[in-house]
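So the structure is just underneath, and the comments pick up after that.
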Amino acid sequence: MAPGAKVVHFSNEDDDQFIIHDNKHASKRRRVQNGVHEREADQPNDRLESSRPKAPTQKQEKDLQRRKQELFEFRKNLPVFTARDQIIKGVQENETVVIVGETGSGKTTQIPQFLLECGIGSPGRGAIAVTQPRRVAATSLAKRVAEEVGTTLGYRVGYTVRFDDTSSQHTMIKYLTDGMLLRELLSDKLLLRYSVVMLDEAHERTLRTDMLFGMVKEIQQTRKEMVQRGEKNVCELKIVVMSATLDAEKFSEYFNGARIMYVSGRLFPVKVYNTIEPQSDYLDAALVTIFQIHMRRPKGDILVFLTGQEEIETLTALLTEYAGQLPSNVQALLPCPLFAALPPAQQQKVFEPAPHNTRKVVLATNIAETSITISGIRYVIDCGVAKVRGFNAKIGVESLLVHPISKSSARQRMGRAGREAAGFCYRLYTEPSFGSLEENTIPEIKRCNLAAAVLNLKAAGVNDVLHFDYMDRPSRTSLSRALEQLYSLSAIDDKGTLTQEGNQMAEFPLDPVFSKVLIQSQQYECTSEVISIISLLSVDSVFFTPPDKRDNVAEAKKRFVHPDGDHLTLLNVLKSYWEVKGDKEWCRENFINMRNIKIVLDVRNQLIQFCTRMGIVSSTSAGNETDNILKSFLSGFFQNTALLQPDGTYKSVVGGQTISIHPGSSMFGKRVEAIMYNELVFTTKQYVRGVSTVQGAWLPMAAPKYFGNSKLASTTTT
Ligand code: CDP
Ligand code: MG
């Protein structure tokens with residue numbers, strides 16, 4: 001077996017002992033950093049132009065019907081199928097229904113079809129919207145359901161995610177990210193194109209789903225009153241809330257005592273193992289556990305929960321390397337990564353059965369916890385952490401943190417092993433650690449920056465955001481923080497009313513901070529460069545880092561370094577890539593991740609098209625390009641700045657904390673008057689990543705409303 005040496009014991013060892021051997025190659029691989037920039041939902045990497053789907057041709061129709069028939073055999077056996085009539089009746093008789101069912105029971109794929117078949121969704125009344133917190137889930141579910149319905153994707157069944165609208169006026173079942181439904185609200189304030197809104201994965205309590213709860217509840221009331229007044233072309237709005245966990249009372253209470261329906265799922269027993277010792281490096285522990293399952297356990301695929309793209313890619317590379325060294329009498333091992341930014345064709349691989357005599361290892365983010373069901377899984381490896389967005393409302397700092405999951409999440413992860421037969425779950429943490437986990441995940445609205453949410457609410461016509469009907473009310477401090485930030489971005493005026501610029505910012509498929517940067521770049525005549533840099537920031541890294549080549553990669557990176565920091569260094573990478581016309585050999589030599597560069601180019605194209613539509617000319621800088629680009633970014637990121645102190649440390653302008661430049665930054669070890677950064681990462685220290693140099697004198701210009709007071713003065717005096 002590839003990895004071997006020290007051992008770590010698992011508990012619950014009533015059959016044979018389960019031991020993790022230490023990975024002797026661990027030292028070669030530097031610890032994967034926390035807090036990488038990844039957006040699960042709405043990762044912008046797809047087409048903007050909708051492909052205007054047409055009705056299937058006669059020949060297509062034949063194939064579609066055959067496939068539909070095939071799938072029907074499978075559908076019939078799903079747990080929700082037996083409850084079909086009750087579900088239809090439930091939705092017909094109630095304006096809001098909460099449906100709870102085990103992951104994989106068929107809620108997301110089947111219930112929209114039931115509601116279409118019985119006419120609750122119809123061309124006359126309106127389509128069925130099904131929201132998903134994640135982009136990958138929305139697209140893959142739509143594909144599946146299109147096949148089940150027997151239609152081409154985008155015709156009767158489609159999806160809408162950021163930068164990719166595969167739906168048409170014929171679409172009756174539409175899967176969309178919760179963010180996209182919020183966006184649709186801007187142009188269709190009463191969601192009149194829908195007769196049913198299904199809020200799926202409600203237990204996840206993402207910020208956007210929480211906002212939708214309040215919005216659709218109000219819309220439902222308004223539409224009911226319109227129907228009662230006898231207004232034409234309006235029907236009542238049905239709301240279906242779907243959740244994989246049992247805490248449905250809270251949803252029911254919020255929706256005025258909505259009816260709760262339980263779908264009994266199938267779940268086979270899962271044997272849980274915890275490590276006896278805490279693991280200092282869960283990635284190595286996962287690697288070793290995979291091989292031990294592979295060598296010692298019967299058939300069945302493995303699902304590994306990790307936190308993000310970078311980790312998944314690292315482990316995929318290691319697995320591929322070791323799998324190649326397996327003895328010929330052992331079955332093959334096939335790693336299958338699954339994360340938001342993965343190209344659709346590769347995502348599809350996860351769902352395909354493993355080839356003969358091969359064990360599939362799915363390496364996934366928590367997308368596989370409840371949104372997506374993968375068949376064939378019998379072993380789950382749970383690292384016990386996930387990447388979550390955090391926000392300290394007092395000091396106004398947002399961060400992506402790797403954070404312990406809740407007990408409820410851990411149980412969901414475990415459940416993935418017992419869908420088709422009895423399974424095994426290996427928790428890479430101790431039993432007492434499990435005991436100390438929070439019972440449930442804290443709703444995102446309680447822990448993230450609300451600026452984007454508040455902007456969205458305002459643009460949708462909710463002016464009084466303090467008194468909005470939240471299921472869990474965010475703290476007054478974090479709401480005030482958001483209002484303050486929007487005010488300093490000039491998105492709202494001093495009365496809290498949306499400005500024209502704010503309106504424009506709400507229309508951008510970007511965080512308000514980035515929208516501001518883009519809008520501001522017109523004034524500095526560097527829109528083209530700014531678009532490129534924003535696109536480059538949409539992927540984890542444009543470099544590929546083989547675990548054993550860290551030094552060579554660091555060497556390669558140096559070739560692109562720009563003295564002013566990471567923003568321009570990134571731009572240099574893209575410029576060089578263009579100079580060599582994306583030459584493969586050049587990419588290999590420079591450790592350029594071609595797949596991520598393709599995503600960057602795609603996002604860039606989408607943003608250019610978007611700007612054209614919004615009337616923003618994508619000009620190229622003529623004068624002092626460097627300063628202009630940095631000034632544009634500063635107009636959005638003025639809160640992410642820090643000033644050099646006499647002792648050589650940096651102190652953040654907001655909150656006045658001591659921060660350090662991340663060793664991975666081109667600015668590491670440099671002393672400049674002031675820095676601007678993309679993100680703050682808490683590990684052993686408060687690190688900042690994506691760092692560039694700025695001039696202190698630019699700050700008041702970048703955000704006059706923000707720096708109008710004495711903030712700057714108070715930070716410089718240590
Ligand atoms: O929403 P819920 O978790 O209750 O289940 P679902 O997403 O509707 O999935 C029902 C079944 O369809 C699962 O057993 C999946 O394995 C299957 N499915 C699939 O084979 N391919 C997809 N792209 C989506 C679902
Ligand atoms: Mg589902």
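Read-outs throughout are calculated quantities, based only on the coordinates presented, and are distinct from any laboratory measurement. The shown structure was predicted, so the numbers you read here are calculated from the model rather than taken from an experiment. All Cβ positions, even for glycine, are placed from backbone atoms using ideal geometry, and neighbour counts span all protein chains on display.
Give, rounded to the nearest 20 debye, the magnitude of the charge dipole that the stretch 508-636 has about its Cα centre when Lys and Arg contribute +1 at Cβ and Asp and Glu contribute -1 at Cβ.
Result for the stretch 508-636 is approximately 280 debye, rounded to the nearest 20.
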Size of electric dipole in the stretch 317-428: Cβ of Lys, Arg +1 and of Asp, Glu -1, about Cα centre, debye, nearest 20:
340
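To the nearest 500 deg cm²/dmol, what mean residue ellipticity at 222 nm is calculated for the chain from DSSP H runs of n ≥ 4 alone, each contributing -39,500 (n - 2.57), summed and divided by the residues?
-11500 deg cm²/dmol
Give me the net charge of F251's neighbourhood, meaning all other residues with Cβ under 13 Å from the Cβ of F251; Lys, Arg count +1, Asp, Glu -1.
Here the count lands on -4.
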Top positive-direction residue, dipole computed over the chain with Cβ charges, set A142, Y254, L212
A142
For the stretch 270-444, give me the percentage of DSSP beta bridges that are antiparallel, rounded to the nearest 5 percent.
25
Within the under-12-Å Cβ sphere about G690, not counting G690, Lys/Arg +1 and Asp/Glu -1 give a net charge of -2
Mind listing the Cα extents of the stretch 460-544 along all three principal axes, in Å, largest one first?
44, 33, 20
Antiparallel DSSP bridges in the stretch 32-263: what percent, to the nearest 5?
10
For the stretch 638-718, just run the numbers: alpha carbon Rg, then divide by 2.2 N^0.38 Å, N being how many residues it has.
1.01
Globularity ratio of the stretch 270-444, using Cα Rg and 2.2 N^0.38 Å:
1.04
What does DSSP give for the chain in terms of the percent of beta bridges that are antiparallel, rounded to the nearest 5?
40
So what does log10 I(q)/I(0) come out to for the chain at q = 0.09, 0.10, 0.12 Å⁻¹, using the Debye formula with one equal point on every Cα and no solvent?
-0.84, -1.05, -1.51
Residue order, fewest to most surrounding Cβ atoms within 10 angstrom, among V350, V580:
V580, V350
Magnitude of the Cβ-charge dipole of the chain, K/R +1 and D/E -1, about the Cα centre, nearest 20 debye?
860
So which lysines can K224 reach, going by Cα to Cα under 25 Å and dropping same-chain residues fewer than 8 places off?
K89, K174, K189, K232, K238, K250, K458
